Every structure is written in C-alpha cells, then in structure tokens.
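Engineer: So that we are looking at the same thing, I have put the structure below in structure tokens.
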Amino acid sequence: MQARQDISRRQFLKVAGGVAALAGLGLVGCGGSNASSSTASTTTTSLSGSITAVGSTALQPLVEAAAEQFMGANAGVQITVQGGGSGQGITQISQGAVQIGDSDVFAEEKLADKADASKLTDNKVAVVGMGPIVSPDVTVSDITLADLASIFCGTITNWSQVGGADQAITVINRASGSGTRATFESNVLAGITVPDTFKPQEQDSSGTVAKMVAETPGSISYLAFSYFDDTKFHALKVGGVSPEAASVEDNSWTIWAYEHMYTASTPDAATQAFIDYMMGSEVQGSLVEQNGYIPVSGMKVTRDATGAVSAN
Amino acid sequence: MPKHRLERCGLTVTGACVALVTVLVVTLIVMVASHGLATFANDGIAVGDFLLGTTWNPHQADANGNPTVGALPMICGSFAVTILSTVIALPIAIGSAIFVVEVAPGFGRRVFQPLIELLVGIPSVVYGLIGLSVVVAWTRSWSGSTGYGILSASIVLAVMVLPTVTSLSIDALASVPHEYREGSYALGCTRWQTIWNVVLRSATPSLMTATILGMTRAFGESLAVQMVIGNSAQIPGSLLTPASTLTSVLTMGMGNEAMGTVYNDVLWSLALLLMAMSLVFILIIHLIGGRGAVRHG
C-alpha cells in the first residue's frame, strides 16, 4: 500500500512537471510564431500576415468594418479586432504585443513613461464630436462653456441658475479615465480641478448613459454625436453653436477628439497597408461617416497632444 | 492494452487535470497578488491610506503629492449591498424552502425547483437592465432621489442571490433525516414546532453555508450592480445616495488604464482585496462545515 502511494506521488510530480514544461513551451512557441510571421510578410511581394488591433471600444465598430473590407481585397491578411479600452490598446502596442493599438486619447496621456509615446506612430483615422445632453424635462437648450464647466465641478447645482426651471441637476459622469470623459474634461473644464467633495454618478458605457439621461429627471451627461437621439433626450447648444460635424470641422464646436490607431514606428508591410487603407477614400469617404465619425480629411484645424490648435 | 498500462494511462490523464488546475489557481493568485502589491511596493502608497482613505481619485494627487487612492468608500459599499441583499433574500429563501420541503414536496420538485433554476440561468446584464428600468424607477418614484444607490442595488442583488440561497436551503432542509421529524411528531409536537425546533435547528450549519455562498455571489457581482448603484466613490451616507462597490470600480476602470500606471496598480489591489474576501468567505464555509460534521457525529 505504502509503495503504491509512493509511485502515484512520484508520477503526479512527473505529470505536474510535464504540464509546466508544456505550458512554458507553448508560450515560447507563441512568441516565436509571431516573430516569424512578421518577417515572412516583409519578404513576400503580395500582402500576407496577421494583424491584431486592440483597444478603444468606441473605435472598434469602424475598425471592424474596415478590416472586413480590407480582408476581402487582400486574402492573405488576417485582421483580428478586439476591444478592451484605450488603456489596453496603448499598453499592448507599447509592449509590442499587438500590431495596432486603438485609442480615444493621445498615448502621452495614458503612459506612465511619456517618452514611450515617441516610439509609436500616431495615425489619426477619424474625429469624434461630443456634446452635453439633458433629460427631456430640462427646458434649457443653450448653455455657455463656463456654465457647463461649473455644472461638472459641482458649483452650479440647480437648473434655475442657468435659466431653467427650479430643479436640481443630476450630473452623470463617465468612468474616470474613459476617452469620452478625458475629451470632455480637457475641452470643457480646461484645467479646472474638480473638488474631491463633488462625487457625481459615473457610468462607463454610452448606451447606459443614454438610457439613464432619458429616464432621470433633471440629469445632464455627455455623449458622442453618433449616440444623439432627439426622441429620448435633448442635445444642448454651447454658446449658441449647434453640435454638428460642420462646426467641429472649423473648431467653433470645441468638444471633439481624434480617434487614434497607434503602430510601432516601423510597422510591417501588412499593417502599414491597412493603415493606408484606413486613411484612404474607401474608408474616409464612407465608413467613417456611416459609423458616426467625422473624416480627418474634412478638418480645417489640427490639434496636438498638448491641446494647441492650428489652422490647416 | 495490458491492464497495468491502462492503469497508468488513467493515472496520467487524471493527474494532468489536477496538475493543470493547480498550476492555474496558483498562477492566478500569484499574478493578482504581484500586481496588487506593486501599489505598496513600487508606488509607495501606504496600506493604511489605501484601506482607510475616504477619497478615491487616482488621477489626482493630494497635498503631499501622493495619488488619492482611498478604497474605504468601495469597501463600505460592497459590504452594504452584500449584507442588505442577504437580509432581503434570506427570509424569502428559507420561507419557500420550508414550504417546498415540509408542506408541498410534490409541487416543490415538479414546479418550484425548475422555476428557481431558471432564475440562475438569467445573465446578470438582464438583471441590470431590469433593475435600471424597473427598480431604479420605482425607488425614484417614492423617495425623491435619483433612484440610484445601495437600496436599488440590494434589491437587484437579492433577486440574483435568491435562487442560490433557495436551492441550497431546500437541499439543507431535505437532508435532515426523516426520523428526526417522526420522533418529534411522536412526542406530540405540532408541524410548526417540529419545523422550528427540530428541522431548522439541525439544518442550521447547512443554512449558514447557503447564506454565505449567496453573500459570496453578491459580493462578487459586478455588472448588474454597476448599472444601478450610481458609481460615485463616496462613503454611503444613506441607502438612496449613489455609491460604488469594489467590483463596479474595477469593471469601469480596468480597460481605461495603461499597465504600469498607479491607477492600474491600485485597481489590481482592489482585485486582490476582492480575492482575499472570497477566500475568507470560503474559509468560513469550511469552518461551519467542519463544526456541523462534528456535531452530527
């Protein structure tokens, strides 16, 4: 009996060691095959290889649609598009784990070491406009940028302070660190620090925010233009300017951001071809608008990572 | 194949399964722990500031230049929704278990248990959506608040843990030996006296296990809670003001923060805290199980 147990224990250890070794080999194997596929694609003349794009869930539908068309034209290329959030996209591209990192914000704002951002190539594939939305019972339809900032800092708490009915304001914010919130805060708050005592609600998905604003009386939040739905809630004008593509293009509507597709500074041929395709007329002229974005080609201004705007 | 080869083959396959699971669990714990402890080791945040701090805003620094990463609001929120949802669900669960086991066993087996199992299969996002449009609206209609908060979250969670607690309670009551009841009736006890003094008393350890398993589920649930609790990282002052839980902050923040930043490390610390809590829950279940076994001999 004793001897039998000894054997099984020894065998168990053997098996455990074997499994661990297998797992290790598997990991090495994965790393190895990745490297070889990228070298293969540079040596062949027709495009081949596999591209993984990870990151922003806001940008995901556009990249997926473009990838589908691109793969139809280039049978040798396999493109996988994953979500995970802008932080994931930036992390994985700067670690070299993927070929493309999708992000709603500049990499400089996400990375712990800002110098890492210079090792990446920034491809701005689209522009997204965002605007404040209010629940249907709010009578205010136009608001100044300063009042908007005060609402989101907690200093204005009643709609009567901005020309509306006597009703408490319920602020619904986006998740701290989400691309939408970063865009809104950098353009509306412009450096004002929100006091720690002001803790509004937070939600992380645009769909949920739309539903919450539609149902919560006196509420205000913000969404990308593509989520606007006049039957459920109202979009506010800011300083008399309507939230629409034309006013984003000449920067009279200032709450907008680029959608970025980051690549390594020297991407492989297939990745470069896909990025070129994203910037080309097949995507910029049709898919971008269909997904609710504004094409970069139509922009009359350029904005850099520090927020400085210059005319094109 | 000779018999001894077959024997060895079986041993290898089953042993490999065990080894795989062991490796998986150990790697998981090591990974969460190493990331979670980086907050304290690399970013220089004191454990006390993390566990007892009341301000959560990792993107901003406090007066001393340290990021404000107080997790106490979320810890309070998590415990509040867990306890309140259990308080709501437990009487209903035990009540229906008594009815099903002691009063109408036929109806219980044929109708009630399949119904309860149906509830288990509903995805949590569906509970969240129903909570958002029904529970939050109902709370708002009589309270004058926005409706988002601990009360709404606890109601949604109570419905979610109800099937777990109920079916385990049914098992607990059904496993009480029939001789106990017969002995009680022979002594002249009524059905109610038998249920209260004999059945519930001897099923107490199993009922506590059922309760704690329900609490574990409530503590770890994220999506449905996140949709109805309002996600505001403040110490809950009332049941009707927006609050947040460890899980809701985790799911909202994880995708947005790059690896290696302080915010990301702190989120891992929250995950570590969650894991430690579930370990505590499991430990309690084992302790109760051990005690029950000793008492029953």
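Engineer: Which parts of segment B:48-63, residue by residue, lose 10 Å² or more of accessible area when the rest of the protein chains are there, as against the chain isolated (1.4 Å probe)?
Structural biologist: Residues shielded by partner chains are B:Thr55, B:Trp56, B:Asn57, B:His59, B:Gln60.
Engineer: Which semi-axis lengths, in whole Å and largest first, follow from the square roots of five times the eigenvalues of the Cα gyration tensor of chain A?
Structural biologist: 44, 27, 17
Engineer: With the crude spin-label approximation of a point 7 Å out along Cα→Cβ, what separation in nm comes out for B:Leu51 versus A:Ala305?
Structural biologist: Placing both labels 7 Å along Cα→Cβ, they lie 3.9 nm apart.
Engineer: For segment B:39-46, take each phi angle, set θ = phi - 60°, evaluate the Karplus expression 6.51 cos²θ - 1.76 cosθ + 1.60, and give the result in whole Hz per residue in order, putting x for glycine and proline.
Structural biologist: With the stated coefficients, segment B:39-46 comes to 3, 8, 7, 9, 8, x, 9, 6 Hz.
Engineer: Non-local amide H neighbours of A:Val301 (under 5 Å, H modeled in plane, Pro and chain starts lacking H): which ones?
Structural biologist: For A:Val301, the qualifying residues are A:Asn312.
Engineer: Taking 7 Å along the Cα-to-C-beta vector as the label spot, tell me the A:Gln95-A:Gln272 distance in nanometres, rounded to one decimal.
Structural biologist: 2.7 nm
Engineer: Let me ask you something else. Give me the mean projected area, in nm² to one decimal, of the convex hull enclosing the Cα positions of segment B:72-296.
Structural biologist: 14.4 nm²
Engineer: Beyond 17 Å, what share of the Cα-Cα pairs of segment A:101-158 is found? Please give it as a whole percent.
Structural biologist: 60 percent
Engineer: Roughly speaking, what is the stretch gain from B:Thr190 to B:Leu28, that is 0.36 nm per residue apart minus the C-alpha to C-alpha distance, in nm to one decimal?
Structural biologist: Additional length available on full extension: 53.1 nm.
Engineer: Say R0 is 45 Å: what FRET efficiency, to the nearest 0.05, do B:Thr12 and B:Ser141 get from their beta-carbon distance?
Structural biologist: The value I calculate is 0.10.
Engineer: A further question on this structure: What size of dipole, in debye to the nearest 20, comes out for the protein assembly as shown about its Cα centre when the only charges are +1 on Lys and Arg C-beta atoms and -1 on Asp and Glu C-beta atoms?
Structural biologist: Dipole size: approximately 2860 debye.
Engineer: What does the convex hull of the Cα atoms of segment A:129-249 come to per residue, in Å³, rounded to a whole number?
Structural biologist: Expressed per residue, the convex hull around the Cα atoms of segment A:129-249 is 98 Å³.
Engineer: Here's something else I'd like to know. Probe radius 1.4 Å, ligands and nucleic acids ignored: give me the carbon and sulfur share of the accessible area of segment A:180-246 as a rounded percent.
Structural biologist: 51 percent
Engineer: In nm², what is the average projected area of the convex hull enclosing the Cα atoms of the protein assembly as shown?
Structural biologist: So the Cα hull casts an average projection of 37.0 nm².
Engineer: Averaged per residue, what accessible surface does chain A expose to a 1.4 Å probe, in Å²?
Structural biologist: 44 Å²
Engineer: Could I ask something else about it? Grab the protein assembly as shown and count how many Lys pairs have their alpha-carbon atoms under 17 Å apart, sequence gap of 8 or more, or different chains.
Structural biologist: 4
Engineer: Next question. Taking the Cα centre of the protein assembly as shown as the origin and placing charges on Cβ (Lys, Arg +1; Asp, Glu -1), which of B:Gly188, B:Gly149, B:Ala233 is farthest toward the positive end of the dipole?
Structural biologist: Working it through, the farthest residue towards the positive pole turns out to be B:Gly188.
Engineer: Which residues does the label zone of A:Thr231 cover in segment B:128-157, counting backbone N under 11 Å from a point 7 Å along Cα→Cβ?
Structural biologist: none
Engineer: For segment A:129-249, with the dipole built from +1 on Lys and Arg beta-carbon atoms and -1 on Asp and Glu ones, taken about the Cα centre, which of A:Asn158, A:Ile143, A:Ala245 lies farthest toward the positive end?
Structural biologist: A:Asn158
Engineer: Keeping every protein chain present and rolling a 1.4 Å probe, give me the accessible area per residue for segment B:226-297 in Å².
Structural biologist: On a per-residue basis, 40 Å².
Engineer: Please give the Cα centre distance for segment B:170-226 versus segment B:15-91, rounded to the nearest Å.
Structural biologist: Cα centroid of segment B:170-226 versus Cα centroid of segment B:15-91: 33 Å apart.
Engineer: Residues of segment B:194-236 with backbone nitrogen within less than 13 Å of a virtual label 7 Å along the Cα-to-Cβ line of B:Leu283, please, listed as ranges.
Structural biologist: none
Engineer: What are the extents of the Cα atoms of segment A:170-235 along their three principal axes, listed from largest to smallest and rounded to whole Å?
Structural biologist: 34, 23, 17
Engineer: Determine the dipole magnitude for chain B: charges of +1 sit on the beta-carbon of Lys and Arg, -1 on that of Asp and Glu, nothing else is charged, the reference point is the Cα centre, and the result goes in debye to the nearest 20.
Structural biologist: 940 debye
Engineer: Applying the Karplus parametrisation 6.51 cos²θ - 1.76 cosθ + 1.60 with θ = phi - 60° to the phi angles of segment B:179-193, what ³J(HN,Hα) value in whole Hz is obtained for each residue in order, glycine and proline being reported as x?
Structural biologist: Result, ordered by residue: 4, 4, 5, 4, x, 5, 4, 4, 7, x, 6, 7, 4, 4, 4 Hz.
Engineer: Which percent of the accessible heavy-atom area of segment B:72-296 goes to carbon and sulfur, probe 1.4 angstrom?
Structural biologist: Carbon and sulfur atoms account for 73 percent of the accessible area of segment B:72-296.
Engineer: Same structure, new question: Considering amide H positions built from the backbone, and no H for Pro or chain starts, which residues 5 or more places from A:Asn123, or on another chain, come under 5 Å of its amide H?
Structural biologist: A:Met261, A:Tyr262, A:Thr263
Engineer: A further question follows. Going by amide H atoms built from the backbone, whose H comes under 5 Å of the H on B:Val69, apart from near neighbours?
Structural biologist: B:Asn57
Engineer: Using the Karplus equation 6.51 cos²θ - 1.76 cosθ + 1.60 (θ = phi - 60°), what ³J(HN,Hα) coupling, rounded to whole Hz, does each residue of segment A:179-188 give in order, writing x for Gly and Pro?
Structural biologist: Per residue, the Karplus-derived 3J(HN,Hα) values read x, 4, 5, 4, 4, 4, 5, 5, 8, 9 Hz.
Engineer: Another question, if that's okay. Treating only the Cβ atoms of Lys and Arg (+1) and Asp and Glu (-1) as charged, compute the dipole magnitude of segment B:141-285 about its Cα centre; round to the nearest 20 debye.
Structural biologist: Dipole of segment B:141-285, to the nearest 20 debye: 340 debye.
Engineer: For the charge dipole of the protein assembly as shown, defined by +1 on Lys and Arg C-beta atoms and -1 on Asp and Glu C-beta atoms about the Cα centroid, which residue among B:Ala276, A:Ser118, A:Val296 has the Cα displaced farthest towards the positive pole?
Structural biologist: B:Ala276
Engineer: Label-point separation (nm) for B:Val125 and A:Glu244, each offset 7 Å from Cα along Cα-to-Cβ?
Structural biologist: Distance between label points: 3.4 nm.
Engineer: Taking both sides together, what accessible area is buried at the B/A interface, probe 1.4 Å, expressed in Å² and rounded to the nearest 100?
Structural biologist: 3000 Å²
The values are calculated or read from the model by the stated rules, or taken from the named source; none is laboratory data. Computed from a predicted structure; not experimentally measured. No Cβ is skipped: glycine too gets one built from the backbone with ideal geometry, and neighbour counts run over all protein chains shown. Heavy atoms of the whole protein, side chains included, go into the accessibility calculation; ligands, DNA and RNA do not. Shrake-Rupley method; radii C 1.70, N 1.55, O 1.52, S 1.80 Å.
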